[in-house]
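This report refers to the structure that appears directly beneath it.
The values are calculated or read from the model by the stated rules, or taken from the named source; none is laboratory data. Since the model is a prediction, treat every value here as computed from it, not as a measurement. For neighbour counting, all protein chains shown are included, and Cβ atoms are generated from backbone atoms with ideal geometry for every residue, glycine included. All accessible areas refer to the heavy atoms of the entire protein, side chains included, with ligands and DNA or RNA removed. Shrake-Rupley method; radii C 1.70, N 1.55, O 1.52, S 1.80 Å.
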Amino acid sequence: MNPEFYEDEVIEGFYVPSMLKLAWGAQMDVLNETDIICRRHNIPYFADWGTLLAAIRHSGYIPWDDDVDISMRRADYERFIQYAADELPDGFKVMTYSNHPGHHFFVARIVGKPRICFEEEHLKRFHAFPYIAGIDLFVLDNVCRDRNRERLKSKKAEYVITVADNIADGDKSGREAEELLKQCERYTGRRIDRRLKGEELRIRMYELAAELFASIPDEKSDALVQMMPYGMYGNERYIPKEYYRETVRLPYMDTTISVPLCYDAVMRQKFGNYMVIRKAGAGHDYPFFYGQHKQLQEALDFEYPAYKAGPNDILDAPVRHPGIKEKSRDYADKITCLCDRIAAGDTGSAAALQQAAIEFGTYIESVYGEGYVTVGFLEELCELAYRSSEGEDVSDRIGNCAAGLAGSVDNDILHRHDIVFMPFAAKHWKYMEKLYRHYVDDGTYNVMVVPLPYYYKGWDGAPTDEIFDPGEYPDDIRPIDRNDIDLEEMHPDRIVIQNPFDEWNNVMTIPPEMYSSTIRQYTDELVYVPFFVTDDFTKDDEREYVNMDHYVCMPGVINADTVILPSEVLKNTYTEKIMEFVRSSDEQVKTALENKICVLPEYICGAGDDPAGGITDSADGKKTIMLYTTISFLAENKGRAIDKLRRTFDLFMENADKIRVVWVTQGIRDYLPLLDRQTAEDFLEVKERFDAGGIGEYREDAGRCENRQYAASSDAYYGDPSSAALQFIYMHKPVMIWNADI
């Protein structure tokens, strides 16, 4: 992954913090090492659960998910465990109930290191992510065709596991425990060593339960199941073996991931209509590293560095440094007094007037640049002071010049309104541009854009690469170098920022002199406009609410005098979160926040501003339909899939005067040999017919990055579930998922 990947980002309306991105990166490293071993030894594995859903629907992580799930069939799992012990890189480990204390699960976890680690080598290897990161490996066992035998097997396994836990945890002992063990021996046909106690006994009995899981041979099985818990306790979530007979690879992040051949059928059985977005609600274990962080804090003999704020940070006004307006008043008063003396005949004040005028003029030009209008009056006063020192009577002119200076100071300095916009990346400019245009169009403001560089952090948190892109702003923007502006002396009426982090972001930082904690002293109003737009959410949306730790409970938001948000819903959520963060229930604090946070959607860039979301127009008036076909659809439906394609193209050809078709296939070019011969031949015949029909164009293997382009250039989507379809949904364009039988 390139460094930009790890930046905080809103994906599909959901804020993904940099810390979660680092976790993703570490998990992808573990997945890559797992994938290498599996490819080397021809061990099939399958993306499963949320990761399979992510691969199909998002071509990468689901934004609100924080783990990676894969599965293997039992025999392949046993082979992988054997090879992984020798071939995983140093420090990696496959954690199972048999080798890791406290891992009481029938799922393995492959990790980069089985402990929190701040060692330099580890942090360099895993993107400065110190917590335990890995992937879950589930085992798929054969389901007996004789369902009564299958149910009996699962009941025996349930019994053995329950007895193991009861005895190991001390709930059963003595004669009662002995009778339970004897029954387990009858169920498993294995002798249980009575010398084993506690965890050793639990491990041995878990092994016996796993043997029961794996007891059905291939020839007596027609389905697969993840035994614990989906084949036990009354669950019968069996999936036909045919769906898993081969693997194919789908785009996933910046690589590909192995999935079952009939992945769509697998997903329908697991999730039903999985194209419906259902963001996870429970937040107690999200993100996964929060629990580890809490354990780390409890173990440390010092407080882990973190940004903190209290009620006074909301209530107390900052100390504002005086700027050019305050100093100009002082200079003007001093110069007026000296002019009055000279006008009264005190020629001895001429040198003091000349010195004061030179100092004031130099100061003005240091803030506003050379040739500023007020400086002209000061130059004239210098000349009059010189003439006075030479004995010339200037009393009749110096009063008028002093009055002109006072008027210029009042009009051109005291009533000048400066606003400084400080974007930290050109790619985020659009989120403050509407507010910028508002002030420019008003005409009473002197509006400046001062882009900030930002720096990626190394494994140790030190700044590394500088990112600075002043040339990438709109043509009518004339960015000012931050070194050419003195914020402290100018003291703008408003400074508008969009970086909330100061030094508290995990992957990037800005120059310390531009932290909100510093520049708030140099303006009458520090305004924060987020560099992103999220969907509306409340505290009940727990994952969104948890992630506010990373961008709301930050100094830029706390230090700002004004925070601009797009909706009342978000204002209320921000207020509630900040009240919790500063540990206050004081109504005065709440009132201060309500006054500070402004709802101004007209100044916020949102999804509605994206021209790609509209309906496309073509010169010939035709609408473009994207037809999306996957190898999964063909493998599952075979002849019915071919018939569906033929009927679809018949309909398209009947309406060729109204529509054009972009037919995209995913995985078919590479995986056509996995289909039965007749289906493969029929597909090629259908493709030839499409090519000859002249109703559109055929494209293969849409990449993850192409989906948005397809959605932007098409009017409607038809075909299989996919990440391309998701882009149509987000652009509010028609999406129809087809059915082979209709």
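Kindly list the number of the only condition in (1) modelled with pLDDT of 95 or more; (2) closer than 30 Å to Ala740 by Cβ; (3) of a type in the set (A, V, I, L, M, F, W, C) that fails for Leu196.
Of the numbered conditions (1) modelled with pLDDT of 95 or more; (2) closer than 30 Å to Ala740 by Cβ; (3) of a type in the set (A, V, I, L, M, F, W, C), the odd one out for Leu196 is (2).
So which of Phe377, Phe360 is open to solvent by 60 Å² or more (accessible area, probe 1.4 Å) and touching a Leu at 6+ places or on another chain (Cβ under 6 Å)?
Testing whether each residue is open to solvent by 60 Å² or more (accessible area, probe 1.4 Å) and touching a Leu at 6+ places or on another chain (Cβ under 6 Å) leaves just Phe377.
Residues in the range 119-130: is at least one open to solvent by 30 Å² or more (accessible area, probe 1.4 Å) and either closer than 21 Å to Glu211 by Cβ or aromatic (Phe, Trp, Tyr) (or both)?
no
What are the pairs, 6+ residues apart or on separate chains, where a residue within the range 404-427 that is under 19 Å from Glu326 (Cα atoms) has its Cβ under 9 Å from a residue that is surrounded by fewer than 17 Cβ atoms within 10 Å (Cβ to Cβ) and of a type in the set (Gly, Ala, Ser)?
As it stands, the answer is Gly404/Gly376; Ser408/Gly376, since those pairs meet every condition given.
So, of the residues in the range 254-274 that are among the hydrophobic types (A, V, I, L, M, F, W, C) and modelled with pLDDT of 95 or more, which turns out to be nearest to Gly50 (Cα to Cα)?
First, the residues of the range 254-274 that are among the hydrophobic types (A, V, I, L, M, F, W, C): 257, 259, 261-262, 265-267, 271.
Narrowing the set further to residues that are modelled with pLDDT of 95 or more leaves 257, 259, 261-262, 265-267.
Numbers: Ile257: 13, Val259: 12, Leu261: 17, Cys262: 16, Ala265: 15, Val266: 12, Met267: 10 Å.
Per the criteria, the residue is Met267.
Condition first: touching an Asp or Glu at 6+ places or on another chain (Cβ under 8 Å), farther than 18 Å from Leu137 by Cα and not in a loop (DSSP other than H, G, I, E, B). Can you find one or more residues in the range 266-280 that meet it?
no
So which of Ile625, Ile659 ends up being more than 28 Å from Val248 (Cβ to Cβ), open to solvent by 10 Å² or more (accessible area, probe 1.4 Å) and in contact with a Phe, Trp or Tyr (Cβ under 9 Å, 6 or more places away or on another chain)? Steps first, answer last, please.
On the way: Ile625 fails: more than 28 Å from Val248 (Cβ to Cβ).
Step by step, each of Ile625, Ile659 is checked, and only Ile659 is more than 28 Å from Val248 (Cβ to Cβ), open to solvent by 10 Å² or more (accessible area, probe 1.4 Å) and in contact with a Phe, Trp or Tyr (Cβ under 9 Å, 6 or more places away or on another chain).
Name the one entry in Gly91, Gly112 that is crowded, with 21+ Cβ neighbours inside 10 Å and among the small types (Gly, Ala, Ser). Talk me through it step by step, then tell me what you get.
Values: Gly91 fails: crowded, with 21+ Cβ neighbours inside 10 Å.
Going through Gly91, Gly112 in turn, just one is crowded, with 21+ Cβ neighbours inside 10 Å and among the small types (Gly, Ala, Ser): Gly112.
Of the numbered conditions (1) open to solvent by 30 Å² or more (accessible area, probe 1.4 Å); (2) over 24 Å from the mean Cα position of the chain (by Cα); (3) at pLDDT 95 or above, Val599 fails exactly one; give the number of that condition.
The single condition Val599 does not satisfy is (2).
Within the range 328-357, how many residues are of a type in the set (S, T, N, Q), open to solvent by 50 Å² or more (accessible area, probe 1.4 Å) and more than 29 Å from Leu487 (Cα to Cα)?
Result for the range 328-357: 1.
Just checking, which of Thr573, Thr534 is crowded, with 18+ Cβ neighbours inside 10 Å, modelled with pLDDT of 95 or more and part of a loop (DSSP other than H, G, I, E, B)? I'd like the intermediate steps shown before the answer.
Working: Thr573 fails: part of a loop (DSSP other than H, G, I, E, B).
Only one candidate qualifies: Thr534.
Looking at (1) modelled with pLDDT of 95 or more; (2) in a helix (DSSP H, G or I), which is the only condition Glu4 fails?
Here Glu4 clears every test but (1).
Restricting attention to the range 516-527, does a residue exist that is under 30 Å from Glu12 (Cβ atoms) and crowded, with 20+ Cβ neighbours inside 10 Å? Step through it out loud before you land on a result.
So the first thing to find is which residues in the range 516-527 are under 30 Å from Glu12 (Cβ atoms), and the list is 516, 527.
Then drop every residue that is not crowded, with 20+ Cβ neighbours inside 10 Å, which leaves 516, 527.
There is at least one residue in the range 516-527 that is under 30 Å from Glu12 (Cβ atoms) and crowded, with 20+ Cβ neighbours inside 10 Å.
Six or more apart or on different chains, Cβ atoms under 6 Å: show the pairs whose first residue is in the range 327-356 and under 19 Å from Leu414 (Cβ atoms) and part of a helix (DSSP H, G or I) and whose second is open to solvent by 70 Å² or more (accessible area, probe 1.4 Å) and charged (D, E, K, R).
What qualifies is Ala356/Lys334.
Of everything in the range 457-470 that's assigned to a loop (DSSP other than H, G, I, E, B) and on the phi < 0 side of the Ramachandran plot, which residue is surrounded by the fewest Cβ atoms within 10 Å (Cβ to Cβ)?
Let us first name the residues in the range 457-470 that are assigned to a loop (DSSP other than H, G, I, E, B), namely 458-462, 468-469.
From the residues that got through so far, the ones that are on the phi < 0 side of the Ramachandran plot too are 458-460, 462, 468-469.
Working: Gly458: 14, Trp459: 18, Asp460: 11, Ala462: 9, Phe468: 15, Asp469: 15.
Out of the qualifying residues, it is Ala462.
Residue by residue through the range 240-257, note down the ones that are open to solvent by less than 10 Å² (accessible area, probe 1.4 Å) and of a type in the set (Val, Ile, Thr).
Answer for the range 240-257, where residues must be open to solvent by less than 10 Å² (accessible area, probe 1.4 Å) and of a type in the set (Val, Ile, Thr): Val248, Ile257.
Condition check: within 30 Å of Ser349 (Cα to Cα), open to solvent by 40 Å² or more (accessible area, probe 1.4 Å), over 22 Å from the mean Cα position of the chain (by Cα) and of a type in the set (Lys, Arg). Does Arg437 satisfy that?
Details: within 30 Å of Ser349 (Cα to Cα): no; open to solvent by 40 Å² or more (accessible area, probe 1.4 Å): yes; over 22 Å from the mean Cα position of the chain (by Cα): yes; of a type in the set (Lys, Arg): yes.
Against the criterion (within 30 Å of Ser349 (Cα to Cα), open to solvent by 40 Å² or more (accessible area, probe 1.4 Å), over 22 Å from the mean Cα position of the chain (by Cα) and of a type in the set (Lys, Arg)), Arg437 does not qualify.
Please go through the range 395-417 and pick out each residue that is modelled with pLDDT under 90 and crowded, with 21+ Cβ neighbours inside 10 Å.
Kept after step one, since they are modelled with pLDDT under 90, are these residues of the range 395-417: 395-396.
None; the set is empty.
Going by what's in this entry, would Pro322 be described as open to solvent by less than 40 Å² (accessible area, probe 1.4 Å) and not in a helix (DSSP H, G or I)? Spell out the reasoning first.
Numbers: open to solvent by less than 40 Å² (accessible area, probe 1.4 Å): no; not in a helix (DSSP H, G or I): yes.
Spelling it out, it is not the case that Pro322 is open to solvent by less than 40 Å² (accessible area, probe 1.4 Å) and not in a helix (DSSP H, G or I).
Of the residues Tyr454, Tyr445, Tyr473, Tyr372, which is in contact with a helix residue (DSSP H, G or I) (Cβ under 6 Å, 6 or more places away or on another chain), open to solvent by less than 20 Å² (accessible area, probe 1.4 Å) and not aliphatic (A, V, I, L, M)?
Details: Tyr454 fails: in contact with a helix residue (DSSP H, G or I) (Cβ under 6 Å, 6 or more places away or on another chain); Tyr445 fails: open to solvent by less than 20 Å² (accessible area, probe 1.4 Å); Tyr372 fails: open to solvent by less than 20 Å² (accessible area, probe 1.4 Å).
Criteria check complete, one pass: Tyr473.
Does Pro260 satisfy being of a type outside the set (A, V, I, L, M) and buried (at least 16 other Cβ atoms within 10 Å of the Cβ)? Don't jump to the end; show me each part of the working.
On the way: of a type outside the set (A, V, I, L, M): yes; buried (at least 16 other Cβ atoms within 10 Å of the Cβ): yes.
So Pro260 passes the test.
What's the number of the condition Pro479 fails, among (1) touching a Pro at 6+ places or on another chain (Cβ under 7 Å); (2) part of a helix (DSSP H, G or I)?
With respect to (1) touching a Pro at 6+ places or on another chain (Cβ under 7 Å); (2) part of a helix (DSSP H, G or I), Pro479 is out only on (2).
Working only within the range 208-238, note down all residues that are open to solvent by 30 Å² or more (accessible area, probe 1.4 Å) and within 13 Å of Arg74 (Cβ to Cβ).
Across the range 208-238, the qualifying residues are Glu211, Ala214, Ser215, Pro217, Asp218, Met228.
Can you tell me which residues in the range 418-434 are open to solvent by less than 10 Å² (accessible area, probe 1.4 Å) and part of a helix (DSSP H, G or I)?
The first filter runs over the range 418-434 and keeps only residues open to solvent by less than 10 Å² (accessible area, probe 1.4 Å), leaving 418-425, 429, 432.
Met432, the sole residue that qualifies.
Please specify each residue of the range 151-187 satisfying the condition of being open to solvent by 30 Å² or more (accessible area, probe 1.4 Å) and either under 17 Å from Met228 (Cα atoms) or touching a His at 6+ places or on another chain (Cβ under 7 Å) (or both).
Within the range 151-187, Arg151, Leu152, Lys155, Lys156, Tyr159, Thr162, Asp165 qualify.
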